Amino acid sequence: MKLAVDCRMIGSGGIGTYFLSILPYLMRNFECILFGDEKIINKSLEEIIQRNFSQTEVPAYKVVSCNVTTFSFKELLFFPSSLLKIPNSCDAYYTPYCNIPMGLNIPIYSTIHDVVFLDIPEITSKLGYYARKWFYQRAVKKSATIFTVSQFSAERIIHHLKIKNKPVIVTYNAVPEWFTNEAFFDDVVKEDILFVGNIKHHKGLHILVPAFNKAVERGLNAKLLIVGNAENFRTGDSAILSEISGSKNILFTGKVSDEKLRTLYRNSALLVQPSLYEGFGMPPMEAIACGTNVVLSDIPVFKEIYKDFPVTFFKSGDIDDLTEKLIEKYNSPSPPVPPDIYSFEKTSSIIINQIKQSFSVSK
């Protein structure tokens, strides 16, 4: 079976990581036609093949150069006909997000990771809200199946996009196997408190920063590291930005590599995830896999994903409760080995089985 695979989201944060983690499984099960930036794809394939295939295994794939930007007018209205011939000669098309080129006439399988902009419309403009909703609706209309990463997201997708007669299948997310390489686990002194994620309002920094400062006033001797660039800080609360800028105990790391992120997790006493909304939320799982304790908000999706994990919940949006949890958990022993609930092998098998099953039914 020949599968056209949209690789243009490689390098796009969590979606790119999710995609690269399932790609080797797709390559084991299908003859893959990979669309995107040739240099980026080939560089990624070097690591994928080295990590996932033996020297005697030769996955069947072909890389096709495609420089059409995702969510662009060209993708929607003027996608090159010469390019369209290639995926349309395949049996199915898979994209790890909700961007779909015009002109495809084969079964399409896409992923909507969350609908945060529909649930919290104030974090974008009116134009941004309606544009995103249109893309989501278009993906639902054109896709044979919609995948997503949590039951919470599935429920919100069905609610907002009024899906009745089309499957919305939960695949979940996971920590890539290479992320927990045993060579990484050397003895370290754990001192910092870490925040990982983009710095939009719904990520909860306006809850974490005052809670951290209160904990420091009560004697907590730690630094708060925010993974990201201070220049990219975006919030509707200018007082929080001022509070961060004026603190010697709060630092931005700047953009970091995956290897550096692993080191930051491993060297931190705590990861704090104060989100008000998530579709899944990967940093807590990555931190636990690296032997680091986690304090996170008790929002529904975290209660779903992390109910069986060794984490500490605080009341979402409650600065005082978070302050207490920071002080309480800062010097706690490393968490036990996390349960074997999620893996990209399981995630991929759901996607692969659905594509194969749909294909066999359609025949």
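Quick notes on this one:
- A Stokes-Einstein calculation at 10 °C with viscosity 1.306 mPa s, built on the Kirkwood radius of the chain over Cα pairs, returns a diffusion coefficient of 73 µm²/s.
- Within the accessible surface of region 28-150, defined with a 1.4 Å probe on protein heavy atoms only, the carbon and sulfur portion equals 53 percent.
- Chain lengthening between Val337 and Lys223 when straightened (0.36 nm per residue, less Cα-Cα): 38.5 nm
- Pairs from Lys303/Lys329; Lys43/Lys74; Lys142/Lys307 whose Cα-Cα separation, in the structure shown, is over 30 Å: Lys142/Lys307
- Gap separating the Cα centres of region 315-350 and region 124-146, nearest whole Å: 31 Å
- Legend: Rg and Dmax of region 131-179, from Cα coordinates, 12.4, 39 Å.
- Label-point separation in nm, Ser349 to Glu328, each point 7 Å along Cα→Cβ: 3.7 nm
- Global geometry of region 1-126, whether rounded, prolate or oblate, following the gyration tensor of its Cα atoms and the 1.5 cut on a/c: oblate
- Stretch gain in nm, segment Ala131-Val58, where the contour uses 0.36 nm per residue and the Cα spacing is subtracted: 22.1 nm
- Among beta bridges identified by DSSP and lying wholly in region 193-350, the antiparallel ones come to about 5 percent.
- Label-point separation, Glu259 to Lys162 (7 Å along Cα→Cβ), nm: 5.2 nm
- Gained length - Asn249 relative to Asn88, 0.36 nm times residue gap less alpha-carbon distance: 52.4 nm
- Distant-in-sequence amide contacts of Phe252, defined by a placed amide H-H separation under 5 Å and a gap of 5 or more residues or a different chain, comprise Ile226.
The values are calculated or read from the model by the stated rules, or taken from the named source; none is laboratory data. Values in this document were obtained by computation on a predicted structure and should not be read as measured data. Every residue, glycine among them, receives a Cβ derived from its backbone with ideal geometry; neighbour counts consider all protein chains shown. Each accessible area value is taken on the protein alone, full model and side chains, heavy atoms only, with ligands, DNA and RNA left out. Shrake-Rupley method; radii C 1.70, N 1.55, O 1.52, S 1.80 Å.
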